[in-house]
Amino acid sequence: MKKTFKLVALDLFRRNRNHFIPDTATLTDRGQVRDNNEDSSFVLETSLPNGSRATSLGIYIVADGLGGHQAGEVASKMAVEEISVTLLDNLKEPVGKLPPSLLVKQAIEKANTDIHARASRSPHLSSMGTTVTLGLRFNDRLYLGHVGDSRAYLIRGSKIKQLTEDHSVVAHLLKAGMITPKEAETHPDRDKILRCLGTSAKVAVDVINRINKKDNLILRIDDSLVFCTDGLTGYVTDDEIMDYVEKSDAAGACRNLIDLANSRGGSDNISLIVVRIKSVNSRDTAIDRKEKTSAEKSNKRLKHKNKIGA
């Protein structure tokens, strides 16, 4: 099975006021059934100059293309490219000039406009669309933009919380109390979504910057974020996602979760991003420990060699 794996090179944000470093990875897989992969993902961890202190920046995007015959692949690829380029162009301005929530909304709206225009002038792409879930992080503050049924999760204190709301038929029926969670698992319309990019000239974008009505979405040391398409959540429960993320680094969690989804059928493309928020000090300690162990081994080999030479 062909897999595409991208482990992001990260800057050490030692001047970050929160003294943390993200351990970030993304993995996308076509699954066990489909011939092509209509999912796309994008991650970037970097820093922006902001006066005397650098601002730690993270961009996280997953998109699940719709339309078949490679149209979905085009739509999802356009979404991640257009959104990331729009964000980075806007971020050339001084940090804080535009509200982050507005940046997120405008980037997704522009992607929708471009995808819809491309579909309108290309008959073979006329049915294309895509979901998108975007995370934009400035230091410890996270802002989400969301359309469709891909998801963003926060894992904190051995609890997992879905931060986005599915724009799907089944989610609507569940919210209205018309079906039970058990019925939702086998509902004939479980794959139908109510909102996506590209199918109309305008789209309603959910912008999320709070965990609940009172608390802003502020990240803490040992938090984890997961962004994923429904190829994962169709086979893996929320608690299983949390368990796998907490037991591994970001790269390992991506590999293990996709392997789990594939072992249970893998009928859809599967994409996810895992971000683990780690203390800079704890990372330094781990590096120092590794270097110390390596040095001790080298000294033992040198002593052994000198003993033989004697």
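Go through (1) among the acidic types (D, E); (2) modelled with pLDDT of 55 or more; (3) out of contact with any strand residue (DSSP E or B) (no Cβ under 6 Å at 6 or more places or on another chain) and name the single condition D238 misses.
D238 satisfies every listed condition except (3).
Return the only residue of T55, T133, T113, T46 being in a strand (DSSP E or B) and under 24 Å from S168 (Cα atoms). Reasoning before the result, please.
Values: T55 fails: under 24 Å from S168 (Cα atoms); T113 fails: in a strand (DSSP E or B); T46 fails: under 24 Å from S168 (Cα atoms).
Going through T55, T133, T113, T46 in turn, just one is in a strand (DSSP E or B) and under 24 Å from S168 (Cα atoms): T133.
Which condition does F20 not pass, out of (1) at pLDDT below 90; (2) in contact with a Pro (Cβ under 9 Å, 6 or more places away or on another chain), if it passes all the others?
(2)
Across region 140-174, what is the total count of residues that are of a type in the set (S, T, N, Q), out of contact with any strand residue (DSSP E or B) (no Cβ under 7 Å at 6 or more places or on another chain) and over 17 Å from A253 (Cβ atoms)? Before you say what the answer is, go through the steps one by one.
Taking region 140-174 as the starting set, the residues that turn out to be of a type in the set (S, T, N, Q) are 150, 158, 162, 164, 168.
Then drop every residue that is not out of contact with any strand residue (DSSP E or B) (no Cβ under 7 Å at 6 or more places or on another chain), which leaves 158.
After this cut, where a residue has to be over 17 Å from A253 (Cβ atoms) as well, the list is none.
Here the count works out to 0.
Quick check on region 227-234. Is at least one of its residues part of a strand (DSSP E or B) and of a type outside the set (F, W, Y)?
Filtering region 227-234 for residues part of a strand (DSSP E or B) gives 227-228.
Next, from what is left, pick out any that are of a type outside the set (F, W, Y): 228.
Yes - at least one qualifying residue is present in region 227-234.
Which of the residues belonging to region 59-93 are at pLDDT 95 or above, farther than 20 Å from D39 by Cα and not in a helix (DSSP H, G or I)?
Selection gives nothing.
Residue-by-condition table, conditions (1) surrounded by fewer than 16 Cβ atoms within 10 Å (Cβ to Cβ); (2) within 22 Å of V226 (Cα to Cα); (3) in contact (Cβ under 8 Å) with a residue 40 or more places away in the chain:
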residue: G65; (1), (2), (3): no, yes, yes
residue: S76; (1), (2), (3): no, yes, yes
residue: L87; (1), (2), (3): no, yes, yes
residue: K97; (1), (2), (3): yes, no, no
residue: V104; (1), (2), (3): no, yes, yes
residue: D114; (1), (2), (3): no, no, no
residue: S120; (1), (2), (3): yes, no, no
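Pairs under 9 Å by beta carbon, first residue among the aromatic types (F, W, Y) in region 233-255, partner part of a loop (DSSP other than H, G, I, E, B), six or more apart or different chains?
Y235/R264; Y235/G265; Y235/G266; Y235/S267; Y235/D268; Y244/V236
Of the conditions (1) on the phi > 0 side of the Ramachandran plot; (2) touching an Asp or Glu at 6+ places or on another chain (Cβ under 9 Å), M78 fails just one. Which one is it?
M78 satisfies all of (1) on the phi > 0 side of the Ramachandran plot; (2) touching an Asp or Glu at 6+ places or on another chain (Cβ under 9 Å) except (1).
Every residue in region 140-173 that is assigned to a loop (DSSP other than H, G, I, E, B) and β-branched (V, I, T), please. Please lay out each step first, then the result.
We begin by selecting, within region 140-173, every residue assigned to a loop (DSSP other than H, G, I, E, B); these are 140, 148-150, 157-158, 163-167.
Hit for region 140-173 is T164, nothing else.
Considering region 174-226 alone, what residues qualify as being over 22 Å from E38 (Cβ atoms), touching a residue at least 24 places away in the same chain (Cβ under 8 Å) and part of a loop (DSSP other than H, G, I, E, B)?
A201, K202, A204, N209, I211, L217, L219, R220, I221, D222, D223
Out of I258, I218, I270, I need the residue that is of a type in the set (V, I, T), modelled with pLDDT of 95 or more, surrounded by fewer than 17 Cβ atoms within 10 Å (Cβ to Cβ) and within 21 Å of the chain's Cα centre (by Cα). Which one? Can you show your working first?
On the way: I258 fails: surrounded by fewer than 17 Cβ atoms within 10 Å (Cβ to Cβ); I270 fails: surrounded by fewer than 17 Cβ atoms within 10 Å (Cβ to Cβ).
Just a single option satisfies the conditions, and that option is I218.
Please list, ordered by first then second residue, the pairs with beta carbon atoms under 6 Å, 6 or more apart or interchain, first in region 26-46 and within 15 Å of D268 (Cβ to Cβ), second basic (K, R) and surrounded by fewer than 23 Cβ atoms within 10 Å (Cβ to Cβ).
D29/K3; N37/R30; S40/K77
Could you please find all residues in region 208-239 being within 26 Å of L102 (Cβ to Cβ) and either among the aromatic types (F, W, Y) or touching a His at 6+ places or on another chain (Cβ under 8 Å) (or both)?
Within region 208-239, I208, F227 qualify.
The values are calculated or read from the model by the stated rules, or taken from the named source; none is laboratory data. Bear in mind the structure is a predicted one, so any value in this text is a computation, not a measurement. In this analysis, Cβ positions are derived from the backbone assuming ideal geometry, glycine residues included, and neighbour counts consider all displayed protein chains.
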